[in-house]
Amino acid sequence: MSVQWFPGHMHATQKALRERLKTTDVVIELLDARLPGSSANPLLAQLIGDRPTLKVLNKEDLADPARTAQWLAYYNAQPRTRAIALHAHTPGPARTLVAECRRLAPNRGGMVKPLRVLIAGIPNVGKSTLINTLLGKRAAKAADEPGVTRQEQRVVLADDVYLYDTPGLLWPKIIVPESGDRLAASGAVGRNAFDEEAVALALLRALQADYPALLEARYRLGLAPAAIAALPDHELLAAIGRKRGALLPGGRIDPHKAGEAVLADFRAGAIGRITLETPQTFAAWLEAARAAEAQSQAQRQARRAPRRPTGPEAAQRHPDAGTNP
Ligand code: G4P
């Protein structure tokens, strides 16, 4: 599915982030624990360069603990990188964050060289919730829709540790199709930028493959996990729609409404603790997407290049053609 999500104000956000990075010692990259690879911003990775990074897998309460462990091990094996999982509503994350940041920048600290930390993450990943938790406030919704800018703010994590918040940063194009679907399913993408039914079908296919028993437990379809896994996705959506009363006048199933119900359930964690990708599956999607991107770029270039005549056409046009031995 193609997702259009790069509003104009993102250019200003990018500029502000670039400025702030000049005086940043550690970057906290907030990721969605249900889709760590897909919720990582490639543009941010470019901007961060090789600065020490703390990957925070937020919403761990909604994610599959076994897969969270895989992602943490994967990130912790990378240079200048630490990773932790977090539930942003739970009080008390400041101590862990400070300890991890100090570990990543041991030469900073004290009043002369305070540790300057930047926190970044895509919209809806839970940044305002985490900051409100750090500030000890009741979580206040910063914006109704993902992608709405906010001013930079500074949070004092410890006497010599400052956290700078930046507005959520998107990237121009999601090249991994699987990521587009997962980001939309997670709630990271504005409602008008995708088709609920298509995204719900993609989500169901992922759940059929990895979590069929959770689908049965939630929707009570009376089917064994293997039977759920084998159902065509639209039939599964229809069966769920029937159960959830997603009906059109006349009693036909409303697939759009059924899709909305599935997405709402997933976002609220009502289907269970789910992670939609592993480091291995994400790496495979990324590789395939890069290959497809390179191929379409080569095709575009070939179309733009002037066509060289060949065969008899070439002989006709070029008097010299065919005369050389
Ligand atoms: P943002 O600043 O990064 O854009 O995200 P924000 O904090 O506004 O969080 C987006 C949604 O994710 C909010 O839900 C928030 O409650 C939820 N959330 C944030 N962190 C966690 C977490 O660790 N676990 C779970 N389960 N949810 C989390 P909402 O329904 O949009 O708003 P609200 O009614 O909860 O305030």
Next item on the list: Taking only protein heavy atoms into account and a 1.4 Å probe, give the accessible area per residue of the chain in Å².
Entry: 51
Next item on the list: State whether the chain is rounded, prolate or oblate according to the following rule on the C-alpha gyration tensor (a ≥ b ≥ c being the square roots of its eigenvalues): a/c under 1.5 gives rounded; otherwise a/b larger than b/c gives prolate, and the remaining case gives oblate.
Entry: oblate
Checklist line | Cut-off 20 Å, label 7 Å out along Cα→Cβ of residue 221, residues of region 173-193 by amide N | finding: 182, 185-186
Next item on the list: Under 1.5 on a/c is rounded, so check that first for region 12-165, then, if it is not, pick prolate when a/b is larger than b/c and oblate when it is not; a ≥ b ≥ c are the square roots of the alpha carbon gyration tensor eigenvalues.
Entry: rounded
Item checked: Alpha-carbon centroids, region 239-278 and region 20-58: separation in whole Å -> 32
Check: Which entries in 59/173; 22/55; 22/113 show an alpha-carbon gap greater than 23 Å?
Finding: 59/173
Notebook entry, point to check: Anyone know which of 60, 216, 277 comes out most mobile in the 10 Å Cα GNM of the chain?
Noted result: 216
Notebook entry, point to check: Excluding same-chain residues fewer than 8 positions from residue 257, which aspartates and glutamates have a Cα within less than 18 Å of its Cα?
Noted result: 181, 195, 196, 197, 233, 235, 265
Note to self: Need one number: % antiparallel among DSSP beta bridges in region 12-165, to the nearest 5.
What the structure shows: 20
Margin query: Accessible area of the chain with a 1.4 Å probe: how many percent of it is carbon plus sulfur?
Written below: 52
Next item on the list: Please give the calculated 222 nm ellipticity per residue for the chain, where each DSSP H segment of at least 4 residues contributes -39500 (n - 2.57) and the sum is spread over every residue; nearest 500 deg cm²/dmol?
Entry: -14000 deg cm²/dmol
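The values are calculated or read from the model by the stated rules, or taken from the named source; none is laboratory data. Note that the coordinates shown come from a computational prediction; the quantities given were computed from them, not determined experimentally. All Cβ positions, even for glycine, are placed from backbone atoms using ideal geometry, and neighbour counts span all protein chains on display. Note: accessible area is taken over every heavy atom of the protein model, side chains too, but ligands, DNA and RNA are not part of it. Shrake-Rupley method; radii C 1.70, N 1.55, O 1.52, S 1.80 Å.
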